[in-house]
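Just below is one structure, and these are the notes that go with it.
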Amino acid sequence: MNASKSLLVAAAALAMAGMAQAEPVKVGMITTLSGGGASLGIDTRDGFMLAVKRAGNPDLEVVIEDDQQKPDIAVQIADKMIQSEKVDLLTGIVWSNLAMAVVPAATAQGKFYLSTNAAPSALAGKGCNPNYFSVSYQNDNLHEAAGAYAAKAGITKAFIMAPNYPAGQDSLAGFKRFYEGEVVGEVYTQLGQTDYAGEIAQIRASGADGVFIFLPGGMGISFVKQYADSGVGLQLIGPAFSFDQSIIQAMGDAAVGVLNGANWSPDLDNAANAAFVAGFAEEYGRLPSVYAAYGYDTANLLLSAMGKASVTDADAFRAALREADFDSVRGEFAFNASQHPIQDLYVREVVRDGDILTNRIVGVAIEDRGHAYEDECKM
């Protein structure tokens with residue numbers, strides 16, 4: 001299958017009796033379907049489309065294209081979707097540098113953007129916008145969870161590392177915001193880097209008793225394998241992005257025992273999550289990731305708003321989105337004033353369950369967390 005080919009999806013029949021009929025909504029999904037970050041975008045797409053299929057709403061059309069993890073390609077796709085394909089809203093971007101290239105221009109043109117993943121601090125604070133909703137988190141959140149939990153994990157001297165781009169910068173800021181120990185080393189790596197021999201040598205010499213990393217996609221796979229082979233042996237902790245379902249399979253046993261901050265886990269105990277995990281496994285033959293969970297929640301948020309207001313009435317549709325009247329796989333779900341989630345943050349551990357690796361919740365790190373930039377948002 002050509003990953004950059006547009007997929008037009010219209011579901012078959014309205015499944016929910018009594019749902020208010022609204023104007024058709026055309027969604028442009030820009031996500032990463034090729035290259036080292038493809039698994040993240042594929043899970044985003046598949047989670048979103050599972051919810052669309054289950055809803056069976058004929059008034060929802062989804063156009064999907066591959067951004068190839070390149071900002072210029074993402075901008076070109078967004079321009080085409082807005083100008084030529086006349087989408088009503090955009091979604092799907094995984095990477096924060098792509099979000100920063102697309103979201104401000106899209107919202108300035110009156111389009112809604114629902115974030116399934118990337119939620120940089122610049123869009124949470126001074127750059128907030130009435131048409132921008134983050135359904136996932138604010139970028140710092142899962143790193144904050146890791147930082148808050150690090151002391152319980154016995155990490156008093158941390159070596160911290162992330163790629164040098166907006167989400168990487170947010171990640172280290174988030175970890176340090178709640179970490180009570182000493183940071184003995186702080187390193188920014190190149191985005192897309194795959195050789196970490198130099199950084200592992202720095203860790204070995206740092207005097208750290210634990211390591212925090214944010215290295216999503218192929219970057220994390222490369223690091224964890226090299227780190228395991230190095231024999232350094234210090235506790236690894238990170239965000240779920242670096243240790244999610246599809247990623248840890250590629251890491252193998254090198255990932256077992258790693259702790260990671262998260263706002264969702266396949267073992268989270270609520271009815272919506274149980275139905276989602278089972279339905280995703282049945283549909284796609286694999287367990288879902290956080291990216292799939294966010295995609296699924298985003299689609300269900302959109303569907304709930306479509307049942308209450310027409311997308312052509314921007315104020316009413318915006319109000320319907322703000323209500324967040326859907327059953328989230330995370331349990332209770334509400335937006336704060338800057339339209340980011342207020343949610344519990346957890347720490348998970350990578351474990352082996354038979355032939356597969358997965359994550360299990362080991363504790364709550366922070367309850368009812370919004371984000372650190374709320375006061376900067378002047379909506």
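Once amide H atoms are placed 1.01 Å from N in the peptide plane, what residues at a sequence separation of 5 or more from Leu191, or on another chain, have their amide H within under 5 Å of its amide H?
Amide H to amide H, under 5 Å and 5 or more residues apart or across chains, Leu191 pairs with Asn164.
May I ask you to sort Met29, Met251, Met100 by Cβ crowding, counting other Cβ atoms within 10 Å and putting the fewest first?
Starting with the residue having the fewest Cβ neighbours, the order is Met100, Met251, Met29.
How far apart, in nanometres, would the label points at Lys152 and Ala334 be if each is projected 7 angstrom from Cα along the Cα-to-Cβ direction?
With each label placed 7 Å out from Cα toward Cβ, I get 2.3 nm.
Give me a comma-separated list of calculated 3J(HN,Hα) values for the stretch 200-215, in order, Karplus coefficients 6.51, -1.76, 1.60 applied at θ = phi - 60°, integers in Hz, x for any Gly or Pro.
Along the stretch 200-215, the couplings run 5, 5, 5, 4, 4, 8, 7, x, 5, 10, x, 10, 9, 10, 10, 9 Hz.
So which lysines can Lys378 reach, going by Cα to Cα under 22 Å and dropping same-chain residues fewer than 8 places off?
Of all the lysines, those that pass the test against Lys378 - Cα under 22 Å, at least 8 places apart if same chain - are Lys111, Lys126.
How far is helix 71-83 tilted, in degrees, relative to the longest principal axis of the Cα atoms in the chain, given as a value from 0 to 90 rounded to the nearest 10?
10 degrees
Counting only DSSP beta bridges with both residues in the chain, tell me the antiparallel percent, nearest 5.
If we restrict to bridges inside the chain, about 40 percent are antiparallel.
Taking just the C-alpha trace of the chain, give me its Rg and Dmax in Å.
Spelled out, the Cα radius of gyration and Dmax of the chain are 19.8, 65 Å.
Would you please calculate the Kirkwood hydrodynamic radius of the stretch 64-141 over all C-alpha pairs and express it in Å, rounded to one decimal?
It works out to 12.3 Å.
To the nearest 10 degrees, how steeply does helix 218-230 sit against the main Cα axis of the chain, on a 0 to 90 scale?
20 degrees
I need the trypsin sites (Lys or Arg not before Pro) found in the stretch 292-366, filtered to DSSP loop residues with at most 16 other beta carbons within 10 Å of theirs.
Sparse-neighbourhood loop trypsin sites (Lys or Arg not before Pro): Lys308.
Roughly speaking, what is the centre-to-centre gap between the stretch 280-346 and the stretch 199-247 when only Cα atoms are used, to the nearest Å?
Here the two parts' Cα centres lie 32 Å apart.
Tell me, what is the FRET efficiency for Ala205 and Asn270 to the nearest 0.05, using R0 = 41 angstrom and their Cβ-Cβ distance as r?
It comes out at approximately 0.35.
What does the charge count around Tyr284 come to, taking other residues whose C-beta lies under 10 Å from its C-beta (Lys +1, Arg +1, Asp -1, Glu -1)?
-3
Only the coordinates and a few stated rules stand behind these numbers; no lab work does. Because the structure is a prediction, the values reported are computed rather than measured. A quick note on method: Cβ atoms are made from the backbone with ideal geometry, for glycine too, and the neighbour counts reach across all protein chains shown.
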